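Everything below concerns the one structure shown next.
The values are calculated or read from the model by the stated rules, or taken from the named source; none is laboratory data. Bear in mind the structure is a predicted one, so any value in this text is a computation, not a measurement. Because the Cβ atoms are built from the backbone with ideal geometry, glycine has one as well, and the counts that use them run over all protein chains shown. Side chains are part of the model used for accessible areas, which takes the heavy atoms of the whole protein and leaves out ligands, DNA and RNA. Shrake-Rupley method; radii C 1.70, N 1.55, O 1.52, S 1.80 Å.
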Amino acid sequence: MIEPTCQDREHRLEDMFLSRRQFINRFGMGFGALSLTSLVGMGLLPPLQGVAGESFSPLAPKQPHFTPKAKRILHIFASGAPSHIDTWDPKPELDKLNEKNLPGDGGGVAFASPFKFKKTGKSGIEVSEVFPLIGQHIDDIAVIRSMYTDIPDHGAATVMMNTGSTRLVKPSVGSWLTYGLGTENQNLPGFIALSPGGVGPDNLRSAFLPGAYQGTAVNTQNTTVEKMIENIKNNYTSLPEQRRQLDLLHQLNEINSQNLKKDAQLEARLQAYELAYQMQLEATDAFDISKEPKHIRDMYGPGVQARQILIARRLLEKGVRYVQVWHGEGQPWDSHDDIEVNHRRLAGECDQAIGALLKDLKQRGMLDSTLVIWGGEFGRTPTVELPTPGANAGKTNGRDHNHYGFSMWLAGGGVKGGQVYGATDEFGFQAAQNKVHVHDLHATILRLLGFDHERLTYRYAGRDFRLTDVYGRVIPELIA
């Protein structure tokens, strides 16, 4: 839990909830757009420890343990596992041994990157030719070349990256952050995932945390707000008519309010209804990129990924705490074949938009307080993947899964940019210097948001759980 102040310790659990009378008097009934309630979690309201005042909302802004470097996060998830060797971790030794057997226990035939790397920025960090526009911002970026994770299975590794666990159903990073910090806009969910298709529910769940912290998935394959968020508008009842209906419900509830006891589940449901009602106006604006000037839309470029990233910036600007952007449907970066063709295409889908995002955040004064993360669930081998029935198309121009070493990068939000942290071995098989496990990444992310990862806990089933379980260490070199 977030450690309470002395004043907070005096509060009783029942004091954390408003009565029906208090709720109605302050906020109205908010029963409009009931079909929207599936967008938000339906859980118990938790004790709001560390929060000034008597706010009832589980998403009310809260203070972290320390002064935070970042206020919000944008996680761009490259699902399918990009090849670090072809993007952020050049390996000249592979060029020398291309198509020859590699020495050591790893074995296999060396597969040199088909892409050229160029020293970029004042820092001179080498960046692949597939990311020229992101490379222009390399002095704001910290590249971690020594990531590793537990298992080379897409599903398990993706859940690990998003929840810190491959076994039990655990709360996602976004759920932990909204539990710890709340959100700055009470009219939008605090945790939103944008994807042109779907996101596995295990990556968005609040699990044992109260349901209000669950992620909201939005299908960005559609281009209109009405299709992205179904039932965002009530086609049968106008807002004034909804208000009159709510007022009637208010009157009916008021008649019996003196005889009814406070019910935590009901109060949580009322909060969900209120959020759904407010989203009718707020979400319609946030997801409508036509309201952006043409030169901004042109700067981000065309395509679904560019549109997602522009929507993400608008959501962050409106106070959403954690936004996740999934690149493509399924696992597009999973290049067992044709890695040159596929990685060039995929990088082309996001390079302009991410470069524009970093520029846009900086010119709006938001980059210093926005932590941007890019990466996948693991990396790929430095060896060519041999034809295997059922695994690939029988070509010898792709790479297999590799969880022993891969790259991710962080920018903004208190990150010390213009640096490379850690290294894989000379061929890129595994992390060799300053190794960073996913737990360490999560601990560092929480520190940038102002939390001691060992103190941000939630008691469940007789145990204090945390995002990093019993592991994790903060990487101070990544923090400015």
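General observations
- N235 falls short on exactly one of the conditions (1) modelled with pLDDT under 80; (2) out of contact with any helix residue (DSSP H, G or I) (no Cβ under 7 Å at 6 or more places or on another chain); (3) on the phi > 0 side of the Ramachandran plot; (4) not charged (D, E, K, R), and that condition is (3).
- Among the residues of segment 351-375, just one is without any contact (Cβ under 8 Å) to a residue 60 or more places away in the chain, open to solvent by 10 Å² or more (accessible area, probe 1.4 Å) and among the small types (G, A, S), namely G365.
- Residue tally, condition within 20 Å of the chain's Cα centre (by Cα) and either surrounded by fewer than 20 Cβ atoms within 10 Å (Cβ to Cβ) or modelled with pLDDT under 95 (or both), over segment 335-350: 1
- Selection within segment 161-175 - aliphatic (A, V, I, L, M) and either in contact with a His (Cβ under 6 Å, 6 or more places away or on another chain) or assigned to a loop (DSSP other than H, G, I, E, B) (or both): L168, V169
- A411 vs. criteria touching a residue at least 40 places away in the same chain (Cβ under 8 Å), under 23 Å from H327 (Cβ atoms), open to solvent by 60 Å² or more (accessible area, probe 1.4 Å) and small (G, A, S): no
- Lone qualifier among S83, S113 - being among the polar types (S, T, N, Q), open to solvent by 10 Å² or more (accessible area, probe 1.4 Å), at pLDDT 95 or above and under 30 Å from D338 (Cα atoms): S113
- Any hit, segment 317-329, residues being open to solvent by 20 Å² or more (accessible area, probe 1.4 Å), within 30 Å of R447 (Cα to Cα), modelled with pLDDT of 95 or more and assigned to a helix (DSSP H, G or I): yes
- Members of segment 304-345 found to be of a type outside the set (S, T, N, Q) and touching a Pro at 6+ places or on another chain (Cβ under 8 Å), listed by number: V304, V320, W326, G328, E329, W333, I339, E340, H343
- Assessment of segment 136-155 against the conditions (in a helix (DSSP H, G or I), within 18 Å of the chain's Cα centre (by Cα) and of a type outside the set (A, V, I, L, M)) yields at least one matching residue.
- If the condition is being modelled with pLDDT of 95 or more and not in a helix (DSSP H, G or I), then segment 272-302 contributes E292, P293, G301, P302.
- From K122, K118, K71, residue being open to solvent by 50 Å² or more (accessible area, probe 1.4 Å), farther than 20 Å from F429 by Cα, within 18 Å of the chain's Cα centre (by Cα) and at pLDDT 95 or above: K71
- I192 being of a type in the set (V, I, T), in contact (Cβ under 8 Å) with a residue 24 or more places away in the chain and assigned to a loop (DSSP other than H, G, I, E, B): no
- Residues (assigned to a loop (DSSP other than H, G, I, E, B) and of a type in the set (A, V, I, L, M, F, W, C)) located in segment 365-381: M366, F378
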